[in-house]
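Down below is the structure, laid out as structure tokens.
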């Protein structure tokens with residue numbers, strides 16, 4: 001009897017310990033039930049910095065992409081014309097309104113079934129790889145005119161690659177300096 | 001107050017004087033500049049190691065010199081999230097969420113978010129892949145589970161651009177870039193999050209719309 005009582009007590013202890021530990025695990029997840037509020041946002045490189053005025057920058061960072069187009073397309077066009085008053089079309093054949101409208105919804109398109117690159121001469125906006133010279137692509141599209149030959153002093157910053165090589169294996173980024 | 005480095009200070013002075021900085025997304029807006037939630041760059045590409053996988057990179061806290069990198073840390077109150085739209089409406093259908101606690105990164109997802117848009121919750125019922133946050137000067141520590149790989153820690157900033165020359169153009173003190181140019185981001189580091197997932201976890205769309213966000217606990 002004493003032994004049975006002891007065994008029951010032990011079992012009860014074990015069961016309550018189990019429940020306690022389950023509960024503890026649950027409660028100890030420091031992220032559970034927290035609420036978060038958005039602060040920064042980025043799709044394509046350099047969009048907020050180039051096309052958004054200082055007064056709008058924080059707002060742009062907290063405007064959801066599905067609401068960006070209607071809110072920002074005309075503002076982007078104003079900025080585009082301020083950067084390059086002579087803009088007509090670019091190497092993608094986009095006039096100012098089309099180009100501005102495409103950029104205003106700031107998401108990065110990524111292909112799941114072919115090469116992923118910002119631009120490689122063939123593929124356009126199918127992703128962004130580490131080695132992609134995204135700034136020169138954007139300079140060309142903003143300043144280069146319909147065939148990419150306008151404003152040659154402004155269409156390439158002549159920094160074509162990273163200062164250190166990337167890794168061929170995960171995590172791909174080079175070690176810190 | 002985190003230790004600032006000279007380059008960051010110099011760029012801040014320069015940007016204050018001419019009113020614009022063009023980097024990828026480094027110090028892009030007054031509300032996030034020089035904070036733990038400032039995204040510097042976002043990358044999405046097919047894995048160089050396995051064409052069945054997709055890699056997402058979100059870099060934060062840019063322009064860290066080596067001294068600052070040794071003490072830089074992820075903010076335990078900031079979630080770094082990759083949003084993935086696979087239905088073409090620019091609303092996230094899947095999220096990958098990186099959160100930090102006690103020297104460890106936990107990556108939840110890819111998972112359908114319980115809430116979309118500017119607010120958010122950590123999808124703690126989703127698959128979680130963890131890794132110890134890699135320390136400056138040490139080998140990368142990689143978490144690996146269910147075909148998902150994760151990394152967090154200081155890394156070389158992969159972005160390259162002659163920002164100084166561009167600022168000179170904007171300021172009217174130069175008429176164009178120099179050849180060769182000078183990479184303003186050479187020798188600087190970022191706090192990087194790298195996540196590699198099987199494409200099969202991202203749905204069946206031929207094109208995804210993706211973007212990175214940071215969200216702070218309120």
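Identify, from the list B:119, B:124, B:40, B:67, the residue that is modelled with pLDDT of 95 or more, more than 10 Å from every other protein chain (Cβ to nearest Cβ) and on the phi < 0 side of the Ramachandran plot.
B:67
If you scan the range B:39-52, which residues turn out to be more than 20 Å from residue A:124 (Cα to Cα) and over 8 Å from the mean Cα position of the chain (by Cα)?
B:49, B:50, B:52
Among the residues of the range B:139-161, what is the count of those that are more than 28 Å from residue B:126 (Cα to Cα) and either at pLDDT below 95 or surrounded by fewer than 22 Cβ atoms within 10 Å (Cβ to Cβ) (or both)? I'd like the intermediate steps shown before the answer.
As a first pass, look at the range B:139-161 and keep what is more than 28 Å from residue B:126 (Cα to Cα): B:139, B:156-161.
Within this subset, residues satisfying the condition of being either at pLDDT below 95 or surrounded by fewer than 22 Cβ atoms within 10 Å (Cβ to Cβ) (or both) are B:139.
Residues meeting the conditions: 1.
Condition first: within 7 Å of another protein chain (Cβ to nearest Cβ) and over 30 Å from residue B:131 (Cβ atoms). Now tell me which residues in the range B:145-168 satisfy that.
Listed by number, the residues that qualify are B:162, B:165, B:166.
Output the number of the condition that residue B:71 fails; it satisfies all remaining conditions of (1) under 16 Å from residue B:195 (Cα atoms); (2) more than 17 Å from the chain's Cα centre (by Cα).
Residue B:71 satisfies every listed condition except (1).
Could you tell me how many of the residues in the range B:167-184 are within 24 Å of the chain's Cα centre (by Cα) and crowded, with 23+ Cβ neighbours inside 10 Å?
Qualifying residue count for the region: 1.
Kindly indicate whether residue A:72 is surrounded by 15 or more Cβ atoms within 10 Å (Cβ to Cβ) and in a loop (DSSP other than H, G, I, E, B).
Here the answer is no, as residue A:72 does not meet what is asked.
Considering A:85, A:91, A:129, which residue is closer than 24 Å to residue A:163 by Cα and either surrounded by fewer than 20 Cβ atoms within 10 Å (Cβ to Cβ) or touching a strand residue (DSSP E or B) at 6+ places or on another chain (Cβ under 8 Å) (or both)?
Going through A:85, A:91, A:129 in turn, the sole match is A:129.
Would you mind finding the one in A:113, A:106 that is in a loop (DSSP other than H, G, I, E, B) and in contact (Cβ under 8 Å) with a residue 24 or more places away in the chain?
On the way: A:113 fails: in contact (Cβ under 8 Å) with a residue 24 or more places away in the chain.
One residue alone meets the criteria, A:106.
Specify which of the listed residues (A:103, A:141) is within 29 Å of residue B:47 (Cβ to Cβ), within 18 Å of the chain's Cα centre (by Cα) and at pLDDT 95 or above. Lay out the reasoning, then the answer.
Working: A:141 fails: within 18 Å of the chain's Cα centre (by Cα).
Exactly one residue qualifies, and that residue is A:103.
Right, residue A:134: touching a residue at least 40 places away in the same chain (Cβ under 8 Å), within 12 Å of another protein chain (Cβ to nearest Cβ) and farther than 30 Å from residue B:141 by Cβ or not?
No.
Give the residues of the range A:46-62 that are part of a loop (DSSP other than H, G, I, E, B), crowded, with 21+ Cβ neighbours inside 10 Å and without any contact (Cβ under 8 Å) to a residue 40 or more places away in the chain, sorted by residue number.
Of the residues in the range A:46-62, the ones part of a loop (DSSP other than H, G, I, E, B) are A:46, A:52-53, A:62.
Those left that are additionally crowded, with 21+ Cβ neighbours inside 10 Å: A:46, A:52.
Of everything in the range A:46-62, just one residue is part of a loop (DSSP other than H, G, I, E, B), crowded, with 21+ Cβ neighbours inside 10 Å and without any contact (Cβ under 8 Å) to a residue 40 or more places away in the chain, namely A:52.
Across the range B:84-103, what is the number of residues that are buried (at least 18 other Cβ atoms within 10 Å of the Cβ) and facing chain A (nearest Cβ under 8 Å)?
Residues that pass the stated criteria total 3.
Check A:139, A:92, A:154 and return the single one that is assigned to a helix (DSSP H, G or I) and over 30 Å from residue B:135 (Cα atoms).
After applying the criteria, what remains is A:139.
Quick check on residue A:109: is it surrounded by fewer than 22 Cβ atoms within 10 Å (Cβ to Cβ), within 12 Å of chain B (Cβ to nearest Cβ) and in contact with a strand residue (DSSP E or B) (Cβ under 6 Å, 6 or more places away or on another chain)?
For residue A:109, the condition - surrounded by fewer than 22 Cβ atoms within 10 Å (Cβ to Cβ), within 12 Å of chain B (Cβ to nearest Cβ) and in contact with a strand residue (DSSP E or B) (Cβ under 6 Å, 6 or more places away or on another chain) - is met.
Given the structure, is residue A:159 facing chain B (nearest Cβ under 8 Å), surrounded by 21 or more Cβ atoms within 10 Å (Cβ to Cβ), within 23 Å of residue A:51 (Cβ to Cβ) and touching a strand residue (DSSP E or B) at 6+ places or on another chain (Cβ under 8 Å)?
In short, no.
Return the only residue of B:55, B:32 being assigned to a loop (DSSP other than H, G, I, E, B), at the interface with chain A (Cβ under 8 Å from one of its Cβ atoms) and either in contact (Cβ under 8 Å) with a residue 24 or more places away in the chain or touching a helix residue (DSSP H, G or I) at 6+ places or on another chain (Cβ under 7 Å) (or both).
On inspection, the qualifying residue turns out to be B:32.
Looking for whichever is in contact (Cβ under 8 Å) with a residue 24 or more places away in the chain, more than 7 Å from every other protein chain (Cβ to nearest Cβ) and closer than 19 Å to residue B:112 by Cα here; the options are B:191, B:201. Which one fits?
Unique residue meeting the criteria: B:201.
The values are calculated or read from the model by the stated rules, or taken from the named source; none is laboratory data. The structure presented is a predicted model; accordingly, all values stated were derived computationally and were not measured. Quick reminder, even Gly has a Cβ in these numbers, built from the backbone with ideal geometry, and neighbours come from all protein chains shown.
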